[in-house]
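Here is the structure we will look at.
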Amino acid sequence: MRKKEIPKKRIGELLVESGYVTPDQVNHALEVQKTRNERICSILIDLGHLTEEAFFKFLSEMPEVASMNLSNYRLSEDIINLVPAEIALKLEIVPIGKIGNLLTLAMVCPLDRGGVKEVEDATGFRVRPVLCSLQRFFHVWLKQL
């Protein structure tokens, strides 16, 4: 049996195909994105075309996307410090574990291949993304500040 892989489509296309947003809403968000340096999903949420809950549900339904409840997880300062804070906040990630050369990241958007690559380049580790909610992400980072 062959393992399912995360599709190589853009997130806007996947959201349309899954019925969470319309093509017009994605096009509107893409226009807004030209003036803001933000991910398309954040813009769709800001514009009211998508809720955070619906986006989390969409991501949790993707093949090979594991999710994690950070409220029940003990975070080590040594692990958190493996990723520069400015990168972690920008990409909405929390480093949660490391085994050998593999760094596990709780990510608001684990489909963000560019973000994964940025962390790999900055840390020298291979990255395994898992899904966490935006609310959990901010809760963890507020505790760190």
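The values are calculated or read from the model by the stated rules, or taken from the named source; none is laboratory data. Not measured: the values here are computed from a predicted model. Note: ideal-geometry Cβ built from the backbone for every residue, glycine included; neighbour counts use all protein chains shown.
What number of residues within the stretch 121-145 satisfy the criterion of being in contact with a helix residue (DSSP H, G or I) (Cβ under 8 Å, 6 or more places away or on another chain), at pLDDT below 85 and either under 16 Å from VAL83 (Cα atoms) or not polar (S, T, N, Q) (or both)? Lay out the reasoning, then the answer.
Step one: filter the stretch 121-145 for residues in contact with a helix residue (DSSP H, G or I) (Cβ under 8 Å, 6 or more places away or on another chain), giving 122, 125-127, 129, 131-137, 139-141, 144.
Filter once more, so that each one left must be at pLDDT below 85: 132-137, 139-141, 144.
So of that shortlist, the ones also either under 16 Å from VAL83 (Cα atoms) or not polar (S, T, N, Q) (or both) come out as 132, 134, 136-137, 139-141, 144.
Qualifying residue count for the region: 8.
Kindly provide the set of residues from the stretch 81-124 that are of a type in the set (Val, Ile, Thr) and buried (at least 17 other Cβ atoms within 10 Å of the Cβ), ordered by number. Step through it out loud before you land on a result.
Going through the stretch 81-124, the residues of a type in the set (Val, Ile, Thr) turn out to be 83, 87, 93-94, 96, 99, 104, 108, 116, 119, 123.
Across the stretch 81-124, the qualifying residues are VAL83, ILE93, VAL94, ILE96, THR104, VAL108, VAL116, VAL119, THR123.
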key: Checklist (1) more than 14 Å from the chain's Cα centre (by Cα); (2) in a helix (DSSP H, G or I); (3) closer than 16 Å to MET107 by Cα applied to ILE87, failing item   = (1)
task = Kindly indicate the residue of the stretch 21-41 that is outside any helix (DSSP H, G or I) and under 17 Å from the mean Cα position of the chain (by Cα) and also surrounded by the fewest Cβ atoms within 10 Å (Cβ to Cβ) among those meeting that condition.
result = ASN37
ask   = Condition test on ILE45, is it in contact with a Leu (Cβ under 7 Å, 6 or more places away or on another chain) and modelled with pLDDT of 85 or more?
value = no
query = If you go through the stretch 111-120 one residue at a time, do you hit one that is in a helix (DSSP H, G or I), modelled with pLDDT under 90, touching a helix residue (DSSP H, G or I) at 6+ places or on another chain (Cβ under 8 Å) and farther than 19 Å from ALA66 by Cβ?
reply = no
task = Among the residues of the stretch 42-58, write down those that are crowded, with 16+ Cβ neighbours inside 10 Å and either more than 22 Å from ASN69 (Cα to Cα) or of a type in the set (A, V, I, L, M) (or both).
result = ILE43, LEU44, ILE45, HIS49, LEU50, ALA54
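Go through the stretch 42-72 and give me each residue that's within 18 Å of CYS132 (Cα to Cα) and not in a helix (DSSP H, G or I). Spell out how you get there, then give the answer.
Here is the first cut: in the stretch 42-72, the ones within 18 Å of CYS132 (Cα to Cα) are 42, 45, 50-72.
Answer for the stretch 42-72, where residues must be within 18 Å of CYS132 (Cα to Cα) and not in a helix (DSSP H, G or I): LEU50, THR51, GLU61, MET62, PRO63, GLU64, VAL65, ALA66, SER67, MET68, ASN69.
For the stretch 86-107, enumerate the residues that are in contact (Cβ under 8 Å) with a residue 40 or more places away in the chain and either in contact with a helix residue (DSSP H, G or I) (Cβ under 6 Å, 6 or more places away or on another chain) or over 29 Å from GLU13 (Cβ atoms) (or both). Please lay out each step first, then the result.
First pass over the stretch 86-107, keeping only residues in contact (Cβ under 8 Å) with a residue 40 or more places away in the chain: 88-89, 92-94.
The answer is GLU92, VAL94.
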